[in-house]
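Enquirer: One structure is given below, represented as structure tokens, and several questions about it will come after.
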Amino acid sequence: MSPFPRPAYRALEPYRPDRRPVPVDLSDNTNLRGPNPAALEAIRSSKPEDLARYPSVYADALLDAVVDRFGVPREAVTTGCGSDDILDSLFRAVAEPGDRVTYLDPTFSMVPIFGHVNGAVPRPVAGIPLPRPADLLESDPALVYLCSPNNPSGEMLPEGWLAELRAAASARPDGGPVIVMDEAYADYGASDWLARAPGMPRFLVARTLSKAYGLAGVRVGFAVGDPEVIAELEKSRGPYKVTRVGERAAVAALADESGWVRSGVEEVLEARGRLVAELQKRGLSPRPSQANFVLVPVGDTAGVTSSLRAQGVAVRPFPGVTGVGDCIRVSVGRWDYMERFLEALDQVPGSDLCPAPGGPTPADPAGGGPS
């Protein structure tokens, strides 16, 4: 009989971020403009059977919408209950118990958890500064997880670095690991890996409608990639993962007939530039970001986070970030929210706010860090 609880679970803790309500919540990188208007109208027009009946087994209307929006083959697309669901299903489909899953550290906090709960062995590789691609292939991983723009650093992975990783992986006698690129924040950066993914063996790009599309509350994600990987992921994913109401909202949002998503992205990019400039005026050194957030090194994460929350502003604490040190992550959006954050930040004691002299500094792209 297997031991209970499972050894891999004993050290795990349930995901419990501090979600106490505050007037200005900049902690979860959701769309600070609110929900997509077209999606909201689609939800309002829902019928009783949309709640009383099971949804489409594999979200056919959403598959068609992704095909139309991105011009990819239907057999190269899957969907899920947020991109988290897709990643969890992929880990289960690809890695046998005891297989290694490699990822750059820091990155999305759920990645090692998905590894553990699916019986794999998570293997972090320090990502700041960016290592050699070959470092991720050591120990023969079954799966390599990447995130670009990366959460929480905000930095994009250079295209040449990714091409070198793929070439090294595919040259292995066994074909190499499956590589998954999490592009939850791709709308805010310059990325076209999704369009190319169907023609890349053992490669997958995961996306979500929780960020730029303003639909975090309905939990819809999709992925595009090698049809062979998609077929195995579909087995692991299982049926009925996207609700009828969520599917209707997602289809309307992906069409983006009014240009709401595009205008929202432009608003974030402008606000991000202004915010970075204001932080630099205050003597801080935010990490270069191509996402809808910035990672800001500070002297004491707990002190800064507590002080801001006491003033009605929530940010996400990141203590001891590999290669950087104590940080806070600040979601970017409506400028009135950014102003409230900056006003609160100005009340934080300087001893908490400023990193110690000689601490880690943002990577220099010319020196091998992410561009």
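Enquirer: Looking at (1) open to solvent by less than 10 Å² (accessible area, probe 1.4 Å); (2) at positive phi, which is the only condition Leu308 fails?
Expert: (2)
Okay, residues lined up against (1) at pLDDT 95 or above; (2) among the polar types (S, T, N, Q); (3) more than 13 Å from the chain's Cα centre (by Cα):
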| position | (1), (2), (3) |
| --- | --- |
| Asp85 | yes, no, no |
| Val111 | yes, no, no |
| Gly115 | yes, no, yes |
| Leu137 | yes, no, yes |
| Cys147 | yes, no, no |
| Ser153 | yes, yes, no |
| Glu164 | yes, no, yes |
| Asp182 | yes, no, no |
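Enquirer: Now a separate question. Return yes when Asp88 is in contact (Cβ under 8 Å) with a residue 12 or more places away in the chain, acidic (Asp, Glu) and in contact with a strand residue (DSSP E or B) (Cβ under 8 Å, 6 or more places away or on another chain) and no when it is not. Walk me through it before giving the result.
Expert: Details: in contact (Cβ under 8 Å) with a residue 12 or more places away in the chain: yes; acidic (Asp, Glu): yes; in contact with a strand residue (DSSP E or B) (Cβ under 8 Å, 6 or more places away or on another chain): no.
In short, no.
Enquirer: Check off (1) under 22 Å from Cys147 (Cα atoms); (2) assigned to a helix (DSSP H, G or I) for Val296 and give me the number that stays unchecked.
Expert: Evaluating Val296 over (1) under 22 Å from Cys147 (Cα atoms); (2) assigned to a helix (DSSP H, G or I) leaves (2) as the failure.
Enquirer: Select the helices (runs of 4 or more DSSP H) contained entirely in the range 188-276, then report the ones holding at least 3 residues which are small (Gly, Ala, Ser) and over 26 Å from Trp161 (Cα atoms).
Expert: Values: elements: 193-196, 227-237, 244-255.
Counting at least 3 such residues, we get 244-255.
Enquirer: Just name the residue that is surrounded by the fewest Cβ atoms within 10 Å (Cβ to Cβ) out of those in the range 1-41 that are of a type in the set (Lys, Arg) and under 24 Å from Leu215 (Cβ atoms). Step through it out loud before you land on a result.
Expert: Of all residues in the range 1-41, those of a type in the set (Lys, Arg) come to 6, 10, 16, 19-20, 33.
Of the ones still in play, those that are also under 24 Å from Leu215 (Cβ atoms) are 16, 19-20, 33.
On the way: Arg16: 6, Arg19: 10, Arg20: 8, Arg33: 16.
Result: Arg16.
Enquirer: Take the range 288-305 and flag every residue that is open to solvent by 10 Å² or more (accessible area, probe 1.4 Å) and within 24 Å of Arg207 (Cβ to Cβ).
Expert: Pro288, Ser289, Gln290
Enquirer: While we're looking at this one, here's another question. Collect the residues in the range 161-187 that are farther than 22 Å from Leu32 by Cβ, assigned to a helix (DSSP H, G or I) and either touching a strand residue (DSSP E or B) at 6+ places or on another chain (Cβ under 7 Å) or of a type in the set (A, V, I, L, M, F, W, C) (or both), keeping them in residue-number order.
Expert: Of the residues in the range 161-187, the ones farther than 22 Å from Leu32 by Cβ are 161-181.
Checking the rest, the ones that are also assigned to a helix (DSSP H, G or I) come to 161-170.
The answer is Trp161, Leu162, Ala163, Leu165, Arg166, Ala167, Ala168, Ala169.
Enquirer: Could you give me the residue pairs with C-beta distances under 7 Å whose first residue belongs to the range 239-253 and is at positive phi and free of Cβ contacts under 8 Å to residues at least 24 places away in the same chain, whose second residue is outside any helix (DSSP H, G or I) and surrounded by 23 or more Cβ atoms within 10 Å (Cβ to Cβ) wherever it lies, and which are 6+ apart or on separate chains?
Expert: Final answer for the pair search is none.
Enquirer: Something else now. Give the residues of the range 238-251 that are open to solvent by 10 Å² or more (accessible area, probe 1.4 Å) and under 22 Å from the mean Cα position of the chain (by Cα), sorted by residue number. Outline the logic, then answer.
Expert: Taking the range 238-251 first, the residues open to solvent by 10 Å² or more (accessible area, probe 1.4 Å) are 238-241, 243-245, 247-248, 251.
Lys241, Thr243, Glu247, Val251 - these are the residues of the range 238-251 that are open to solvent by 10 Å² or more (accessible area, probe 1.4 Å) and under 22 Å from the mean Cα position of the chain (by Cα).
Enquirer: Could you say which residue among Pro21, Pro55, Pro48 is closer than 15 Å to Val242 by Cα and over 22 Å from the mean Cα position of the chain (by Cα)?
Expert: Working: Pro21 fails: closer than 15 Å to Val242 by Cα; Pro48 fails: closer than 15 Å to Val242 by Cα.
Going through Pro21, Pro55, Pro48 in turn, the sole match is Pro55.
Enquirer: Any residue in the range 159-175 that is open to solvent by 30 Å² or more (accessible area, probe 1.4 Å), polar (S, T, N, Q) and either on the phi > 0 side of the Ramachandran plot or without any contact (Cβ under 8 Å) to a residue 60 or more places away in the chain (or both)?
Expert: Yes: one or more hits.
Enquirer: Please return the ranges of helices (runs of 4 or more DSSP H) entirely within the range 1-62 where 3 or more residues are within 30 Å of Val315 (Cβ to Cβ). Full working, then the answer.
Expert: Values: elements: 7-10, 37-44, 48-52.
The qualifying helices (runs of 4 or more DSSP H) are 37-44.
Enquirer: Would you be able to say whether some residue in the range 127-140 is in contact (Cβ under 8 Å) with a residue 40 or more places away in the chain, over 28 Å from Asp326 (Cβ atoms) and open to solvent by 10 Å² or more (accessible area, probe 1.4 Å)?
Expert: Checked against the condition, which is being in contact (Cβ under 8 Å) with a residue 40 or more places away in the chain, over 28 Å from Asp326 (Cβ atoms) and open to solvent by 10 Å² or more (accessible area, probe 1.4 Å), the range 127-140 yields at least one hit.
Enquirer: Against the conditions (1) of a type in the set (Phe, Trp, Tyr); (2) buried (at least 22 other Cβ atoms within 10 Å of the Cβ); (3) farther than 13 Å from Tyr103 by Cα, where does Tyr145 fall short? Just the number, please.
Expert: (3)
The values are calculated or read from the model by the stated rules, or taken from the named source; none is laboratory data. Predicted model only: the values in this text are computed from it and were never measured. Cβ coordinates were reconstructed from backbone atoms using ideal geometry, including for glycine residues, and neighbour counts include every protein chain displayed. With ligands, DNA and RNA removed, areas are computed over all heavy atoms of the protein, side chains included. Shrake-Rupley method; radii C 1.70, N 1.55, O 1.52, S 1.80 Å.
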